[in-house]
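One structure is given here, and the rest of the page talks about it.
The values are calculated or read from the model by the stated rules, or taken from the named source; none is laboratory data. As the structure is a prediction and not an experimental result, all values here were calculated from the model. Backbone-built Cβ (ideal geometry, glycine too); neighbour counts: all protein chains shown.
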Amino acid sequence: MADEEAIPAATVIVMRERGGLPELLMVERAAAMAFAGGALVFPGGRVDPGDLAMAELHAGQQGGDAEENAHRIAAIRETLEEAGVAVGLAPTGRMLAMRERLYAGEPMGELLKEAGAALALDALVPFARWLPTGMKHRIFDTRFYLARAPDNAEPLVDGNENVRVFWASARAVLAMAERGEAHLIFPTRRNLERLALFARFDDAVADARAHPVRAITPWVETRDDVQHLCIPDDLGYPITSQRLDEAVRA
């Protein structure tokens, strides 16, 4: 698939602090899903035309980059649809009550008006962007954002695209994968390793702002006669390669 055919997508790393290590909102995708079936991922999905329309309206009223805002709106919508957690919205309560209508396809802009809620796009902090190539499946150009969890956020499984949602520290999820209790694709594993470095949400934000958000396109490189899947070493990731035969790409 050519690079220009990559599907724009957005993902949110929702983080809460309860004492101890910060916890992340994780979603287990249904095994039947064509992309990353059965994998643990962060909530998110593709940018749809409604997201772009809302972003263009928002840019016309308040300025800003419409393409970037479309990704943030998609991230907000998908997190609410998939996990029942409202980030990037103020206030959040009434929108949670409209989750099923949003999931059914009702325009988010109309539901926001009805709920008396508004977008709070600055609540999403750019963290990373991943753009794989050379894959047999659909390719997604995915922007990752950080967001602080709302108070008392209790995730709800959607029962369609995912079968489980839960809170866990990055280290705990990585340990699950090491024990064979979790399935992680390459980008998720690398992001979890980076997130495991942080003791607070503010530390993650500081790290995100200290590194450029540049599209990460993994490549294959032979090291000591063994093929490795690699990423750049200047974007904040503590581990930048993995044996190709051990890397799960989708």
Output for region 124-143, where each listed residue is of a type in the set (S, T, Y) and surrounded by 18 or more Cβ atoms within 10 Å (Cβ to Cβ): T142
- prompt: Quick check: anything in region 99-114 closer than 27 Å to R18 by Cα and not aliphatic (A, V, I, L, M)?
  reply: yes
message: Quick check on this structure: which one of L112, L121, L89, L146 is in contact with a helix residue (DSSP H, G or I) (Cβ under 8 Å, 6 or more places away or on another chain) and either of a type in the set (F, W, Y) or surrounded by fewer than 20 Cβ atoms within 10 Å (Cβ to Cβ) (or both)?
response: L112
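For (1) assigned to a helix (DSSP H, G or I); (2) crowded, with 20+ Cβ neighbours inside 10 Å; (3) at pLDDT 95 or above; (4) at negative phi, each residue gets a yes or a no:
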{"site": "T11", "(1), (2), (3), (4)": "no, yes, yes, yes"}
{"site": "R18", "(1), (2), (3), (4)": "no, no, no, yes"}
{"site": "A32", "(1), (2), (3), (4)": "no, no, no, yes"}
{"site": "A53", "(1), (2), (3), (4)": "yes, no, no, yes"}
{"site": "L57", "(1), (2), (3), (4)": "yes, no, no, yes"}
field: Criterion violated by G134 - all others in (1) closer than 27 Å to P212 by Cβ; (2) under 12 Å from the mean Cα position of the chain (by Cα) satisfied
entry: (2)
- request: Starting from region 20-31, keep only residues that are closer than 13 Å to L156 by Cα, then list their pairs with residues that are surrounded by fewer than 19 Cβ atoms within 10 Å (Cβ to Cβ) whose Cβ atoms are within a distance under 6 Å, requiring at least 6 positions of separation or different chains.
  value: M26/F166; M26/A168; E28/V163; E28/R164
Close pairs from region 225-250: first closer than 18 Å to L195 by Cβ and hydrophobic (A, V, I, L, M, F, W, C), partner modelled with pLDDT of 95 or more and part of a loop (DSSP other than H, G, I, E, B), Cβ under 6 Å, at least 6 apart: I231/P218; I231/T240; L235/H211
task: Determine whether A177 is in contact (Cβ under 8 Å) with a residue 12 or more places away in the chain, crowded, with 20+ Cβ neighbours inside 10 Å and in contact with a Leu (Cβ under 9 Å, 6 or more places away or on another chain).
output: no
query: Applying the selection to region 135-156, what residues are without any contact (Cβ under 8 Å) to a residue 24 or more places away in the chain and over 17 Å from F201 (Cβ atoms)?
result: K136
query: Do any residues in region 90-107 that are more than 20 Å from V157 (Cβ to Cβ) have Cβ atoms under 7 Å from those of residues that are part of a helix (DSSP H, G or I), where the two are at least six apart or on different chains, and which pairs are they?
result: R94/A115; P107/G50
